[in-house]
1. Give me the one-decimal Kirkwood hydrodynamic radius in Å for the stretch 107-189, with the sum taken over alpha-carbon pairs.
2. Picking from 203, 163, 107, which is most flexible by a Gaussian network model of the chain using Cα springs under 10 Å?
3. How charged is the neighbourhood of residue 208? Take every other residue with its Cβ under 14 Å from the Cβ of residue 208, and add Lys/Arg as +1 and Asp/Glu as -1.
4. Where does the charge balance sit around residue 77 when Lys and Arg score +1, Asp and Glu -1, over other residues with C-beta under 12 Å from its C-beta?
5. Applying 1/(1 + (r/R0)^6) with R0 = 30 Å to the Cβ-Cβ distance of residue 239 and residue 172, what FRET efficiency is obtained, to the nearest 0.05?
6. Stick to the Cα atoms of the stretch 1-132, pair each with every other, and give me the Kirkwood hydrodynamic radius in Å at one decimal.
7. How much net charge surrounds residue 15 when only other residues with a Cβ under 13 Å from its Cβ are counted (Lys, Arg +1; Asp, Glu -1)?
8. Give the Rg (one decimal place) followed by the Dmax (whole number) of the stretch 60-200, computed from C-alpha coordinates and expressed in Å.
Amino acid sequence: MTNPEKISIYGLKIDVINYSILSERIIGAISSNSKLIITYANANTINRIFRNEALKKAVQSFDIIHPDGVGIFIASKLLFGKGGLRSRFTGSDYYPILISELIRNNFSISFYGDTRETLMEIQKQHTDLNIRSMVQYVPDTPGEMYESLMNSSADVLLVGHGFPRQEEWILNNQGKLNYKVIIAVGDGMKVFAGTKLRGPKIFSVLGLEWFIRFLSNPVKYFKRYIIGNPLFLYRIIMLKMRNLRV
């Protein structure tokens, strides 16, 4: 099994990985009955872990941190050149591949996050998927629903609570869970449901899907994208300049 290389951005070690390698790691963990916890790193992740050593340490404890989005791809090329990411990686493009792999191998899955409507749409859209349990996210998940999640014998658990709440939940509960693979997917639950706004294909090609998301809820996403994206780029440029001086 291939062990991915890593790049470090402000001390966060991100896997240099592609879709096929990630699938290989997931299938390998399930087949060998071993444990694997996975999360992602995007521009928002870097902004949130900046000068937050406790959060950085928590994220770093995941077995795989896959890149997510054009921002991390550009940052890797600016900082590491040919040693950066070989290609862009987005969760939105990977999750349909994951579904196909789970169906092909007859692996089972549980979902924890988003809304009841999103979960029902996932079930409707993927009738061939072996779904063991589906629990929507609420701040205090009702006991009966929580028990079904904790006692599930599914191979994979997807957790979509948003960063870093989902990572904290996974780290706090992984020892109590029977799943072989646990993946933090954030808003990716809507990708499985087919309801995530991505805009025309050209927006994806140009790395502007974030703009579609911003337009869908400007108040919610103003700080993350309109302030966060330039801040991320500034920090990457400062890191590059610091490295050049060393």
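1. On the way: mean 1/r = 0.0791 Å⁻¹.
Result for the stretch 107-189 stands at 12.6 Å.
2. Among 203, 163, 107, the largest mean-square fluctuation in the Gaussian network model of the chain belongs to 203.
3. Details: positive: 88, 198, 201, 213; negative: 209.
Around residue 208, the charge tally is +3.
4. Numbers: positive: 82, 86, 88, 240; negative: none.
It works out to a net charge of +4.
5. After rounding to 0.05, the efficiency reads 0.45.
6. Values: mean 1/r = 0.0619 Å⁻¹.
Kirkwood radius, the stretch 1-132: 16.1 Å.
7. Values: positive: 6, 13, 25, 86; negative: 5, 24, 63, 68.
Result for the local shell: 0.
8. My reading of the Cα-based Rg and Dmax gives 15.9, 51 Å.
Read-outs: derived from the displayed coordinates by stated rules, not from any lab. These figures come from a predicted structure and were not determined experimentally. Glycine gets a Cβ as well: all are built from the backbone with ideal geometry, and neighbour counts include every protein chain shown.
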